[in-house]
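Here the structure is laid out as structure tokens; the discussion comes afterwards.
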Amino acid sequence: MSINNSDRRARELYVTPKGEALWRRLRAKSSVANAKILALLAPHERELFSDPLIRVIQGNWSHARPG
């Protein structure tokens, strides 16, 4: 953690190499799981399903991420 030079009140966090490796492993597993779940849909149906879902998540981000 370090102090932000342009705003001394802010702190900056960085992911360690170990954390980065963990994130890569989890992301790969998540991608495989998502592909299995969506496999029942045709490619165009996946897009039709995913686009509004992503908008709903992004539109409510402030409610899911306090602070």
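Derivation of every value follows stated rules applied to the coordinates shown; laboratory data play no part. What you see is a predicted model, and the numbers here were worked out from it, not measured in a lab. In this analysis, Cβ positions are derived from the backbone assuming ideal geometry, glycine residues included, and neighbour counts consider all displayed protein chains.
Values for this structure:
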item: The range 6-26: number of residues that are among the β-branched types (Val, Ile, Thr) and over 16 Å from the mean Cα position of the chain (by Cα); result: 1
item: Answer from Ala10, Ala39, Ala64 - the residue that is surrounded by 10 or more Cβ atoms within 10 Å (Cβ to Cβ) and of a type in the set (A, V, I, L, M, F, W, C); result: Ala10
item: Qualifying residue in the range 15-26 (condition: in contact with a helix residue (DSSP H, G or I) (Cβ under 8 Å, 6 or more places away or on another chain), surrounded by 10 or more Cβ atoms within 10 Å (Cβ to Cβ) and part of a helix (DSSP H, G or I)); result: no
item: Any pair with Cβ under 8 angstrom, 6 or more apart, that starts in the range 23-45 at a residue that is on the phi > 0 side of the Ramachandran plot and ends at one that is among the basic types (Lys, Arg) and assigned to a helix (DSSP H, G or I); result: none
